[in-house]
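The values are calculated or read from the model by the stated rules, or taken from the named source; none is laboratory data. All values derive from a computational prediction rather than experimental measurement. Neighbour counts run over all protein chains shown; Cβ positions are idealised from the backbone, glycine included. Only protein heavy atoms, including side chains, enter the accessible area calculation; ligands, DNA and RNA are left aside. Shrake-Rupley method; radii C 1.70, N 1.55, O 1.52, S 1.80 Å.
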There are 2 protein chains.
Amino acid sequence: MILKTNILIGQSGGPTAAINASLAGIISSALKATEIGTIYGARNGIQGVLEEQLIDLSKLFFTEDLIDRLQKTPSMYLGSCRFKLPVQMLQNETYDRIFQVFEKYHIKYFFYIGGNDSMDTVSKLSNYARSRNFSTRIIGVPKTIDNDLMEIDHTPGFGSAAKYIAASLLEMAHDTYIYDLPCVLIAEIMGRNAGWLTAASALARTAYSTAPHLIYLPEKPFSTSSFIRDVKSQLSKRKQVVIAVSEGLRDTHGEYLYAQASRIDQFGHIMLSGTGKYLEGLIVDTIGCKVRSVELNVLQRCSAHIASLTDIEESHALGREAFQAALLGQTGIMATLTRTSDNPYAVEYGTVSVDQVANFEKKIPPHWILPSGNDISQELIDYMRPLTMGESFPSYDKGIPEYLFLPESFPS
Amino acid sequence: MILKTNILIGQSGGPTAAINASLAGIISSALKATEIGTIYGARNGIQGVLEEQLIDLSKLFFTEDLIDRLQKTPSMYLGSCRFKLPVQMLQNETYDRIFQVFEKYHIKYFFYIGGNDSMDTVSKLSNYARSRNFSTRIIGVPKTIDNDLMEIDHTPGFGSAAKYIAASLLEMAHDTYIYDLPCVLIAEIMGRNAGWLTAASALARTAYSTAPHLIYLPEKPFSTSSFIRDVKSQLSKRKQVVIAVSEGLRDTHGEYLYAQASRIDQFGHIMLSGTGKYLEGLIVDTIGCKVRSVELNVLQRCSAHIASLTDIEESHALGREAFQAALLGQTGIMATLTRTSDNPYAVEYGTVSVDQVANFEKKIPPHWILPSGNDISQELIDYMRPLTMGESFPSYDKGIPEYLFLPESFPS
């Protein structure tokens, strides 16, 4: 009897507009590989492996059209989890259980698409497999809107989020410029420790609009007095000032700004109201002009209707690269990409040991932030721009985007 | 000497994704009309007329491509104002000044694109012209995302905002469904007194997703205890619950839900920002599950990158209709549209006396709200759906939408 060679794929962490493109890349490659039997998906990441919640994806994706629709669907098609594996040796039954499921379903290749927490899972599982001489290959596929993974030029999902942020910032600038009155708009952008997404707001600048006029990143301690000085200086030059701030701004004592914006609700509980709201109040109190703060919130990570084509294509290619690396016998690695040319923009795919990625965080290097601490360098803009190029539009049905769902994964 | 026949156009009120399509409709018609000399635009609405801030649009729009780009640009190309004309007879110098400017620039036709406040301006100016036997025709062109104008089936700008809201709600539902944990997402939507935009969230429902599961409109007094009961009931049926709420919800005493968070802006309007946050706190305190509130904010009125083609085409046609009515000698009227068929959807253009529109507000009729007060009827969904159909995509340059700006109207 010939043992079947099956694969299993899981998705983990927070949503992006491109994570399903990597899933599509793996499925598409596996469907073409004659040595592969069944393509399984795990519901809710490693949690679904532990609970044996596996889906036969080979049966779901029988046309190119379905794979294309998957590729353009935001958030995790397979569902997600925030499950962190215990330290090995302390609780081996969790690992034993996972590999029992692998064995039961003849899983030779396990792919995990996620950020640095998910790469920790890849690292632990591959180390465990090595220590027990299990042949299952454990492969990581990167994703995160935060662009904070090491050993990769940029992360899948970042380009689409950056495109959404830049387009929205430009539209909000058009919205702000219409009245002949002094006013300030503050856009609060995701990224608690790394400012890449907030920096992407600079891509909104055009020949006619210099918004955002001020950019504050979590990499620099935030000074209230410098901020007020900056805003006053901008208001002396133009009537409407647009400001991009990271949700994770911290003061010079390392305290989050949003933690200082708390208020007491009617039940006496403290509610955090956000960095943007805090700064809105600060400007109203010290300058007194009209201010509006807008939190881009989850839409910046799930707005697949304005995804970057470059991002979607690269995310797909990273899935394909991971699959090919697995077939070559690699394990404990993450598919990665390296920029080989700036102009024209070009990348090259490869792999890297997952231990160089797991649990690390990449921040914006200091030389890409202007000494004033309120703007970024042209080099950083040039680094980001190509990642947002091209449009990956979904098809539309009844006026809204036509996405794909995992049967029964949605509440009915 | 033959007197030149010139036209003047102004825009007023809050931004929409379609207001420039009406401007494009007037410009495009006027360029083809041999009897028209110069097409002027007033910066910042009637304020620009008073200050003689007129722009020669004939010189700016010399190609079809430029008019098309104008049509796809969000917010007011000419700028806006919130200037309310004084009651006539009390301050005639304001009126005299406006008609002096009209005379100086040989303005025979004045078009004002705006909502019910702007129609008040059209009404006052046309009455003044009649009382003085001035021949200037004063014509209103409707716009507002709020869909609250009388004497029109629906308002230009509403369809695009509705499309943005529905697409975003669907994407946020995908974002919410991924974790295998109970959680609630609250989307706070614009519309202080009328719930049309909040109702549009229902257009996000698909064959696989019934989100939003609860919808609360300002037309119904809001009961905290009913709300908590509704949410608990939903959480007993599904793990993830998505709720759409209007920013303008009021309790049974008529008080805005989060009155503590409101403040008065410089125009004397109450600024609401806290309804979603208030309800988020309420659920945390009484139910204790994970909750996130998202305020769609200004993006719902300025996201031209996902505008409704139906909306853009109708807005253009209303500009054309207004121009034709002016040439026929009408004054004190607003261009309007009537729905002549539901299936297939069809409309007919015409005009209506502006006095039937100015200062009135159209709310959702009670029979389109379910008796439970937490959802809308299928009839309302069927009424809204056609308005969101088709996509009007802008072109892209360097990864972001390519919009048009009025030279010098933007801070440099």
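Annotations
- Taken as a whole, segment B:311-334 holds at least one residue that is more than 14 Å from chain A (Cβ to nearest Cβ) and hydroxyl-bearing (Ser, Thr, Tyr).
- When each of A:Ala335, A:Ala346 is tested for being surrounded by 15 or more Cβ atoms within 10 Å (Cβ to Cβ) and either on the phi > 0 side of the Ramachandran plot or not in a helix (DSSP H, G or I) (or both), the lone residue that passes is A:Ala335.
- Qualifying positions in segment A:187-201 - touching a residue at least 60 places away in the same chain (Cβ under 8 Å), away from chain B (no Cβ under 11 Å) and closer than 17 Å to A:Val294 by Cβ: A:Ile189, A:Met190, A:Leu197
- Of the residues making up segment B:287-332, just one is part of a strand (DSSP E or B) and of a type in the set (Asp, Glu), namely B:Glu295.
- Evaluation of B:Ser118 against the conditions (1) surrounded by fewer than 24 Cβ atoms within 10 Å (Cβ to Cβ); (2) of a type in the set (S, T, N, Q); (3) within 14 Å of another protein chain (Cβ to nearest Cβ) shows that the sole unmet condition is (1).
- Cβ-Cβ distances below 7 Å connect the following pairs, each with a first residue in segment A:277-298 that is within 12 Å of another protein chain (Cβ to nearest Cβ) and under 17 Å from A:Lys239 (Cα atoms), a second residue that is of a type in the set (Asp, Glu) and surrounded by fewer than 19 Cβ atoms within 10 Å (Cβ to Cβ), and a separation of six or more residues or different chains: A:Lys290/B:Asp265.
- If the condition is being away from chain B (no Cβ under 13 Å) and of a type in the set (Asp, Glu), then segment A:150-186 contributes A:Glu151, A:Asp153.
- Filter result for the condition that a residue is free of Cβ contacts under 8 Å to residues at least 40 places away in the same chain, hydroxyl-bearing (Ser, Thr, Tyr) and surrounded by fewer than 22 Cβ atoms within 10 Å (Cβ to Cβ), over B:Ser341, B:Ser395: B:Ser341
- Of all residues in segment B:75-105 being open to solvent by 20 Å² or more (accessible area, probe 1.4 Å) and within 23 Å of the chain's Cα centre (by Cα), the one that is modelled with the lowest pLDDT: B:Arg82
- A single member of A:His367, A:His305 is at the interface with chain B (Cβ under 9 Å from one of its Cβ atoms) and either open to solvent by less than 10 Å² (accessible area, probe 1.4 Å) or without any contact (Cβ under 8 Å) to a residue 40 or more places away in the chain (or both), and it is A:His305.
- Qualifying positions in segment B:262-281 - within 22 Å of B:Leu197 (Cβ to Cβ) and at pLDDT 50 or above: B:Ser273, B:Gly274, B:Thr275, B:Gly276, B:Lys277, B:Tyr278, B:Leu279, B:Glu280
- Search result, residues across segment B:72-103 that are more than 14 Å from B:Asn359 (Cβ to Cβ) and in contact with an Asp or Glu (Cβ under 8 Å, 6 or more places away or on another chain): B:Pro74, B:Ser75, B:Gly79, B:Cys81, B:Arg82, B:Val101
- Within the set B:Leu57, B:Leu23, B:Leu50, the sole residue that is among the hydrophobic types (A, V, I, L, M, F, W, C), open to solvent by 20 Å² or more (accessible area, probe 1.4 Å) and touching a residue at least 24 places away in the same chain (Cβ under 8 Å) turns out to be B:Leu50.
- Scanning segment B:206-231 for residues being farther than 15 Å from B:Asn374 by Cα and of a type outside the set (Gly, Ala, Ser) gives a total of 2.
- Only one of A:Ser377, A:Ser395 that is among the small types (Gly, Ala, Ser), within 14 Å of chain B (Cβ to nearest Cβ) and touching a helix residue (DSSP H, G or I) at 6+ places or on another chain (Cβ under 8 Å): A:Ser395
- Qualifying residue in segment A:378-397 (condition: in contact with a Phe, Trp or Tyr (Cβ under 7 Å, 6 or more places away or on another chain), under 21 Å from B:Ser303 (Cβ atoms) and outside any helix (DSSP H, G or I)): yes
- Any hit, segment A:197-207, residues being closer than 19 Å to A:Ile381 by Cα, of a type in the set (D, E, K, R), open to solvent by 20 Å² or more (accessible area, probe 1.4 Å) and at pLDDT 95 or above: yes
- Residue match in segment A:136-156 (condition: open to solvent by 10 Å² or more (accessible area, probe 1.4 Å) and modelled with pLDDT under 95): no
- Within segment B:229-247, at least one residue is modelled with pLDDT of 95 or more, open to solvent by 60 Å² or more (accessible area, probe 1.4 Å) and more than 12 Å from chain A (Cβ to nearest Cβ).
- Criterion applied to A:Glu313, A:Glu321, A:Glu348 was being among the acidic types (Asp, Glu) and more than 12 Å from A:Pro156 (Cβ to Cβ), and the one residue passing it is A:Glu348.
- Condition check for B:Phe405 on (1) outside any loop (DSSP other than H, G, I, E, B); (2) within 14 Å of another protein chain (Cβ to nearest Cβ); (3) not β-branched (Val, Ile, Thr): one failure, at (1).
- Residues located in segment B:349-364, provided they are out of contact with any helix residue (DSSP H, G or I) (no Cβ under 7 Å at 6 or more places or on another chain) and open to solvent by 70 Å² or more (accessible area, probe 1.4 Å): B:Gln356, B:Lys363
- Residues (more than 23 Å from the chain's Cα centre (by Cα), buried (at least 20 other Cβ atoms within 10 Å of the Cβ) and at positive phi) located in segment A:322-332: none
- Taken together, B:Lys72, B:Lys108 contain a single residue that is open to solvent by 10 Å² or more (accessible area, probe 1.4 Å), among the basic types (Lys, Arg) and in contact with a Pro (Cβ under 7 Å, 6 or more places away or on another chain), which is B:Lys72.
- Note on segment A:206-217: residues that are under 18 Å from A:Ile186 (Cβ atoms) and touching a helix residue (DSSP H, G or I) at 6+ places or on another chain (Cβ under 8 Å) total 8.
- Members of segment A:90-119 that are part of a loop (DSSP other than H, G, I, E, B) and over 11 Å from A:Ser12 (Cα atoms): A:Leu90, A:Gln91, A:Tyr105, A:His106
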